[in-house]
Amino acid sequence: MAGKPIIAHILDDLAGLGIHEAVLIVGYMGDLVREYVTAHYPGLTTHFVDQPERLGLGHAVSLAAPFVGDRPVLIILGDTIFEADLKGVLAGDTHSIGVKAVDDPKRFGIVETDRNGRVTLLIEKPERPASNLALTGIYFFTHARPLFEALEELQRRGIRTKGEFQLTDAMELMVQNGQTLTRCSRPTACCSAGAATPRRCRARWSTGRWWSRRTPSSRTASSAPTYRSAPGRGSRTPSSVTPSSTRTPSSRSC
């Protein structure tokens, strides 16, 4: 798209966020992902992990646990086309997930929040959505252990939605276990290349209207996975980002 793979658009923006390490979970045609990333990003520390079975996004993300540990982690779905200022989110002290109002919420993971932007419920592709706030494929966790523990519980209990282990369900377990997640609700632009209307995404990208370079910030640092059909993830040791459970969460502006 716009002359290069979608994963390249994502990786190109990592340096400006202070991220210099990536974990890529690969499956079908994973050798091509390795070849492309290795050739085009020699300065990026990359780890490639095979997902032998397509067991869902939640399963794919869980494979990054040995590389991420309990560091801050940014997850960007590799089929997501977006432009967003994430520096404020990465500098924050609460878990934050990207959401966007959509017309057809049944096709997405859906989020319900309270008036302060705190997430109260997450449901993967509900038949009767009570909200039109869809997950955009951008997630930031100030420390990753609660997420990986939820993913482990999901798989241990065999909790699947539509036959797969879903990241949405793991985050719902986090909420049920008392973790605070807030919404990041205003990406400049965002859509899924796997959606029913990718032509409009491609057209807007071809004009150059959806992408801009970011100025590096010394305060924004994270372990940052990204996921794609051959999913990918990027990471780096964080600077001083400390979670706080005492502050009232608010809706973040991406």
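So the values come out like this:
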| item | result |
| --- | --- |
| Residue pairs meeting the criteria (Cβ under 6 Å; at least 6 apart or on separate chains; first under 11 Å from Leu133 (Cβ atoms) and hydroxyl-bearing (Ser, Thr, Tyr), in the stretch 103-123; second crowded, with 23+ Cβ neighbours inside 10 Å and modelled with pLDDT of 90 or more) | Thr113/Val119; Thr113/Arg183 |
| Count of the stretch 151-172 residues which are more than 15 Å from the chain's Cα centre (by Cα) and of a type outside the set (D, E, K, R) | 7 |
| Test: residue in the stretch 74-85 that is assigned to a loop (DSSP other than H, G, I, E, B), buried (at least 19 other Cβ atoms within 10 Å of the Cβ), at pLDDT below 95 and among the polar types (S, T, N, Q) | no |
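The values are calculated or read from the model by the stated rules, or taken from the named source; none is laboratory data. Source: prediction; values computed, not measured. Cβ coordinates were reconstructed from backbone atoms using ideal geometry, including for glycine residues, and neighbour counts include every protein chain displayed.
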